[in-house]
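In what follows, a structure is listed as structure tokens, so that the remarks can point back to it.
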Amino acid sequence: MKAKKVAIVGASGYSGEVLVQLLLNHPHAELVAVTSRQYAGQTLAQIFPKFASHPKSRALRFTEPNAGILAKSADVVFLALPHGVAAEYAVPLIAAGCVVIDLSADFRLKSPATYQEFYAHEHPAADLLKKSVYGLPEVYREEIKKALLIASPGCYPTSILLPVIPLLKAGLIQPAGIIADSLSGVSGAGRKAEVDYLFCECNESVRPYGVPKHRHLSEIEEQLSFAAGAKVTIQFTPHLIPVNRGILTTLYLEPANKVAVGQIAACYAQAYADEPFVRLLEGSALPDTKNVVGTNVCEIAWRLDPRTGRLIVMSAEDNLVKGASGQAVQSLNLVCGFPETAGLI
């Protein structure tokens, strides 16, 4: 199988670092370029010493991002950039014939108005929204295979959409009244020096943030609305917890009718029994971040509460792998015709 040449724009952040790790060791991808204005001219080994034993780490140097140069050297370009910035590179790269896998929020939404509402500025490339494919492989696998622009989902959305979408499609839960509580490690905020994310501010501390309108609500509600066939509005509260990586989400759902545990289990089995990166927990097992950190796996478990009548669904994932870079590599495998698990197991 011929290797595809890949590049990463914004390779110095946490998601970029994980992308570097995955692509350096990918059996069918050749990492040919990594960009960072901050580290331009320095080698991978200098910036990420943990990769120093890899033969490419001393030869591959960070460069200034240049779409024209990248388009000539790479078949697929990953954009690990802040929202609003990624679109500036996506437009010329797609025009030059590259496949673009964007880890930012720039192309996750279909509505420019919703983007402006949640991100406080007009979309910089609204014409591309209709061409982008939401990069959730378990839901949009066939569309991803044919895409030129893949919008990789956010970490919180992945932890909510994977558990909820099958239930909505099957009509097992009410689309109204969904509540999601999520707890995320500090790496979810990105590699930046801000007081809120200093060790002494985060250690021994748990706090909510982004209440009541976190930006990820936009893509969560849009995707749930597509699944339900009607507008869905949810209550979502994210929390920062003192760990490096991992997301645990607990969902409180109203069953559509008198739903049995067996129906929930059958629904999930139909959706995910053959999925390599969704682990359905059985018996007394519950999701635990320690079991998914460093993997591209999302764990899911559920309970029906006979006292309240609610369905409680829980999920766990690594925010930097299944919630970001690993899921992006999963899309790379699909769009390039590689085995879907290549470089991820």
Taking every DSSP beta bridge with both residues inside the chain, roughly what % is antiparallel (nearest 5)?
45 percent
The chain: Kirkwood hydrodynamic radius (Cα pairs, Å) comes out at 20.5 Å
I'd like the trypsin sites (Lys or Arg not before Pro) in segment 281-317 restricted to DSSP loop residues with at most 12 other Cβ atoms within 10 Å, sorted by number.
307
What is the magnitude of the charge dipole of the chain about its Cα centre, with +1 placed on the Cβ of each Lys and Arg, -1 on the Cβ of each Asp and Glu, and no other charges, expressed in debye to the nearest 20?
520 debye
Relative compactness, segment 59-102, computed as alpha-carbon Rg over 2.2 N^0.38 Å
1.09
Subtracting the Cα-Cα distance of residue 95 and residue 127 from 0.36 nm times their residue separation yields 10.3 nm
Under a Gaussian network model of the chain whose springs join Cα atoms within less than 10 Å, the largest fluctuation of 100, 91, 133 belongs to 91
Taking +1 at the Cβ of each Lys and Arg and -1 at the Cβ of each Asp and Glu, which of 249, 260, 187 sits farthest along the dipole of segment 156-319 towards its positive end, judged by Cα position relative to the Cα centre?
260
How high is the FRET efficiency between residue 233 and residue 270 when r is their beta carbon distance and R₀ equals 22 Å, given to the nearest 0.05?
0.25
Under a Gaussian network model of the chain whose springs join Cα atoms within less than 10 Å, the largest fluctuation of 50, 213, 145 belongs to 50
Report the Stokes-Einstein translational diffusion coefficient (µm² s⁻¹, integer) for segment 4-131, Rh taken as the Kirkwood radius over Cα pairs, at 10 °C with viscosity 1.306 mPa s.
105 µm²/s
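What percentage of all Cα-Cα pairs in segment 69-125 are separated by more than 14 Å?
51 percent
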Between residue 226 and residue 141, what length comes free when the chain is fully extended (0.36 nm per residue of separation minus the Cα-Cα distance, one decimal in nm)?
29.0 nm
Based on DSSP, what percent of beta bridges with both residues in segment 156-319 are antiparallel, to the nearest 5?
70 percent
Neighbour-count ranking [beta-carbon atoms within 10 angstrom, fewest first] of 78, 118:
118, 78
Quick one: order 15, 284 by neighbouring beta-carbon count within 10 Å, fewest to most.
284, 15
Amide H contacts under 5 Å for residue 34, restricted to residues at least 5 apart in sequence or on another chain and with H modeled in the peptide plane, are 8, 63
As a percent rounded to 5, the proportion of antiparallel DSSP bridges among beta bridges in segment 16-165 is 10 percent
Fewest-first ordering of 288, 106 by Cβ atoms within 10 Å yields 288, 106
Extension length gain for residue 3 and residue 209 (0.36 nm per residue less Cα distance), in nm, is 69.9 nm
Can you give me the Cα centroid spacing of segment 1-76 and segment 209-228 in angstrom?
32 Å
So what is the orientation-averaged projected area of segment 156-319, using the convex hull of its C-alpha atoms, in nm²?
10.0 nm²
Among 141, 108, 37, which one shows the biggest mean-square fluctuation in a GNM of the chain, springs joining Cα atoms closer than 10 Å?
37
Please list, ordered by chain and number, the residues whose modelled amide H lies under 5 Å from the amide H of residue 279; skip anything fewer than 5 residues away on the same chain.
298, 299, 300
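Within 10 Å of each candidate Cβ there may be at most 13 other Cβ atoms; applying that plus a DSSP loop requirement, which GluC sites (Glu not before Pro) in segment 104-203 survive?
Answer by residue number: 122, 194.
Here, each number is a calculation from the coordinates, and none is a lab measurement. Keep in mind that what you see is a predicted model, and the values were worked out from it rather than measured. When we count neighbours, we look across all protein chains shown, and the Cβ atoms used for this are built from the backbone with ideal geometry, even at glycine.
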